[in-house]
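Encoded as structure tokens, the structure appears first; notes follow it.
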Amino acid sequence: MGTDRDTDIGGPRDRFPATRRSVIFATASPDAAERARSFETLVAAYWKPAYKYIRLRWQASNEDAKDLTQGFFARAMEKGFFQAYDPARAAFRTFLRVCLDGFVA
């Protein structure tokens with residue numbers, strides 16, 4: 001990969017973590033502080049896997065994937081993407097990948 005190696009941002013873990021539904025559902029809390037805390041927790045856990053997914057699925061460069069990942073999470077927070085998650089319909093990682101595909105496309 002040369003100079004286009006993966007970023008160190010988000011740590012070494014690039015696999016999707018176990019889903020913590022309580023954190024996902026707290027992103028819709030009426031309490032702004034709780035929403036912010038849960039969103040920070042969610043981003044800390046999913047930033048690197050989302051970045052890696054964009055790198056592989058969309059064949060994005062390191063810099064483009066970082067920009068797209070940051071943009072995705074900013075838009076997700078602004079638009080409340082995670083409030084639409086329904087565990088009866090899909091696993092969260094599947095939901096997240098669909099959201100990422102829609103954002104990147």
Go through segment 49-80 and give me each residue that's assigned to a helix (DSSP H, G or I) and among the aromatic types (Phe, Trp, Tyr). Tyr51, Tyr53, Phe72, Phe73
Could you figure out which of (1) assigned to a helix (DSSP H, G or I); (2) under 21 Å from Gly10 (Cβ atoms) isn't true of Gln83? (2)
Could you tell me which residue of segment 47-105 is farthest from the chain's Cα centre (by Cα), considering only residues that are in contact (Cβ under 8 Å) with a residue 60 or more places away in the chain and open to solvent by 30 Å² or more (accessible area, probe 1.4 Å)? Pro87
Please list, ordered by first then second residue, the pairs with beta carbon atoms under 6 Å, 6 or more apart or interchain, first in segment 13-26 and under 10 Å from Ala45 (Cα atoms), second open to solvent by 50 Å² or more (accessible area, probe 1.4 Å) and not in a loop (DSSP other than H, G, I, E, B). Phe16/Arg93
Considering only residues that are open to solvent by 100 Å² or more (accessible area, probe 1.4 Å) and in a helix (DSSP H, G or I), which ones fall in segment 1-24? Thr3, Arg21
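Could you please give the count of residues in segment 14-29 that are of a type outside the set (A, V, I, L, M, F, W, C) and either within 19 Å of Ala60 (Cα to Cα) or at pLDDT below 75 (or both)? Give the steps one after another, and end with the answer.
Initial filter on segment 14-29 (of a type outside the set (A, V, I, L, M, F, W, C)): 14-15, 17, 19-22, 27, 29.
Imposing the further condition that a residue be either within 19 Å of Ala60 (Cα to Cα) or at pLDDT below 75 (or both) reduces the set to 14-15.
Looking only at that region, the number is 2.
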Based on what the data block shows, is Ala28 surrounded by fewer than 16 Cβ atoms within 10 Å (Cβ to Cβ) and touching a Gly at 6+ places or on another chain (Cβ under 9 Å)? yes
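The values are calculated or read from the model by the stated rules, or taken from the named source; none is laboratory data. Every value quoted in this text rests on a predicted model; they were computed, and no experiment measured them. Glycine also receives a Cβ, built like all others from the backbone with ideal geometry; neighbour counts cover every protein chain displayed. Heavy atoms of the whole protein, side chains included, go into the accessibility calculation; ligands, DNA and RNA do not. Shrake-Rupley method; radii C 1.70, N 1.55, O 1.52, S 1.80 Å.
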